[in-house]
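Below is one structure, written out as structure tokens; the observations come after it.
The values are calculated or read from the model by the stated rules, or taken from the named source; none is laboratory data. What you see is a predicted model; the values in this text were computed from it and never measured. A quick note on method: Cβ atoms are made from the backbone with ideal geometry, for glycine too, and the neighbour counts reach across all protein chains shown. Accessible surface is based on the protein model in full, side chains and every heavy atom, while ligands, DNA and RNA are left aside. Shrake-Rupley method; radii C 1.70, N 1.55, O 1.52, S 1.80 Å.
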Amino acid sequence: MKGTPLPQSLQPNVALEPQGPSSRRPVSAGRTFFISCFGTALEFYDFTIYGLAAALVFPQLFFPDLDPLTGTLVAFASFGAGFLARPLGGIVLGHFGDRFGRRKILILTLILMGGSTFLIGCLPSADSIGAAAPMLLIALRLVQGFSAGGEWGGAALVGIEAAPEGRRGLWGSFTSMGIGLGVLMGSGVFSLTDAIAGGEMASFAWRVPFWIGGLLVVAGLIARLTLPQDERPSGGETPRIPLLAVMKSHPKQILMSIGVSYGYNTFTYIATVFLMSYVLQRGFTGSESLQFQLWGAVASVISAPLAAILSDRIGRKPVMVGGSVMLIIYFVAFFPAIETHTGWIALLMFTLGGALNTVPQGPLPAFLSEQFPAASRYSAISASYQIGSALGGGTAATVATALLIATHGDPIGVVIYTVTALAVMGLCSWGLRDNAKLTMAEIETA
């Protein structure tokens, strides 16, 4: 006997229209958090330890014939190589995520990232095998980048498409929290390894964080395997090439989303990679710089959901644009603060930077996802975010280091470069629609 249907307000906390490639069973907030946050945390743990290694040990291990600053520049270029593969990963994996379901792609991204991370930890140095060492390093970095290209969009949609109305910002920020948690885990493991090794990371200890990262992926796979099975729908709901379809129907949103991602990722990777190297050149030790990174990551994990909740209440635009302005003010003040050569001031600036960085990061997944229809959403946000990430994050540390060399150590060029990128993020955020108050069904017809 059939019962009377529940009113819509009493339905389970899932999206009320078909989401992405198929409809899904209800997923609780706690389970969604674990799938979206923890899986992404493992991905960005791997990215973080690579960035730290590129700043601290890779120049002498893989580029020993170069002077320290030039070696750092080349090591950052190897870090940026992974970003070249991210747009390709976003386009390819986003396409199959829209066509055949999120679950399979999110499992694949973890396997690729974990395997390549573990193998980086096994690489011999340039002293052992010569030029083959940096070539293998860059090849594995490209695999990391390809997998990360499909990770962010899929993990974000797990939360956003399952969220109750009025909570998409918060549930989407599970991915943002995962990024901060990944940075925290990576910084923490690197700091602990550095302490145990007595600051001698370059000898052998640098390998340990990479091996741990490869093994931790098993936990992420367990989480991802609990996702409901989603299959390709019948009836032609999904375009044959979702990205082309959304580029024709939403060209402005694609371009503006690229601009938002460009500005955000430029600042993020300057803050998390370049500034680590910069404070070393200003007299701080490697252990101190790792501690700065650690506390910045703690602040970012706390700040991301708070900013996302605020965006659910007052809208995405005020938080995104306001975050851009705050980051501009912060970055202008950062270098004079570091010039005091005072440990607690440097610690305060890195902690504040971690908190402010996630003001736009918290609502960013929901803000971009709400610009596009469900049938092409994975492709649209993955491609636009990862193209912006490659243009910004992929070049940020390298460009900043080159500017520092060109200005003979004066950070003014880095400041102008970063402030310009943040201005792009703010302007493009202002140019997008604020759909925070619309239902997902209303977004489909907006």
Given only helices, namely DSSP H runs of n ≥ 4 each adding -39500 (n - 2.57), what is the per-residue ellipticity at 222 nm of the chain, to the nearest 500 deg cm²/dmol? -24500 deg cm²/dmol
Using the charge dipole of the chain (Lys, Arg: +1 at Cβ; Asp, Glu: -1 at Cβ; taken about the Cα centre), state which of Thr109, Thr445, Gly39 has its Cα farthest towards the positive end. Thr445
Can you give me the solvent accessible area of Glu339 with a 1.4 Å probe, rounded to the nearest 10 Å²? 80
Cα-centre dipole for the chain with unit charges at Cβ (Lys and Arg positive, Asp and Glu negative), debye to 20: 1320
Considering the convex hull of the alpha carbon atoms of the stretch 374-446, report its projected area averaged over all viewing directions, in nm², one decimal. 5.9
Compute, for Thr358, the solvent-accessible surface of its heavy atoms (probe 1.4 Å) with the complete set of protein chains present, and express it in square angstrom to the nearest 10. 0
Go ahead and run the numbers for FRET between Cys122 and Glu288, Cβ-Cβ distance against an R0 of 22 Å, rounding to 0.05. 0.15
Can you match Cα extents along the principal axes in Å to one of these, (1) 75, 43, 37; (2) 178, 79, 38; (3) 94, 42, 42, based on a calculation from the structure here? (1)
Carbon and sulfur atoms: what percent of the 1.4 Å accessible area of the chain do they account for? 71
Here the Kirkwood hydrodynamic radius of the stretch 285-420, Cα-based and in Å, equals 16.5
Less than 15 Å apart at the alpha-carbon level, and either on another chain or at least 8 residues along: which aspartates and glutamates does that give for Lys248? none
Considering the stretch 235-330, what Rg and Dmax in Å follow from its alpha-carbon atoms? 18.7, 63
Between Val218 and Leu255, 0.36 nm times their residue separation minus their Cα-Cα distance comes to what? 9.7 nm
Sorted list, accessible surface of protein heavy atoms, 1.4 Å probe, largest first, for Glu370, Glu442 is Glu442, Glu370
Suppose all protein chains stay in the model; what accessible area per residue would a 1.4 Å probe give for the stretch 85-171, in Å²? 30
Efficiency of FRET from Cβ geometry, Thr407 and Ala132, R₀ 41 Å, rounded to 0.05: 0.70
Where does helix 168-196 land angle-wise versus the long Cα axis of the chain, in degrees 0 to 90, nearest 10? 30
Report the dimensions of the stretch 24-138 along its three principal axes from the alpha-carbon atoms, largest first, rounded to Å. 56, 27, 23
List the equivalent ellipsoid semi-axes of the stretch 407-446 in whole Å, largest first, each obtained as the square root of 5λ for an eigenvalue λ of the Cα gyration tensor. 39, 7, 6
Using 0.36 nm per residue, how much length does the chain from Gln281 to Asp67 gain when fully extended, once their Cα-Cα distance is taken away? 75.7 nm
If I model a spin label as a point 7 Å beyond the Cα along the Cα-Cβ vector, how far apart are those points for Leu347 and Ile416 in nm? 3.6
I want to check the label-to-label distance for Trp211 and Ala195. Put each point 7 Å from Cα in the C-beta direction and report it in nm to one decimal. 2.1
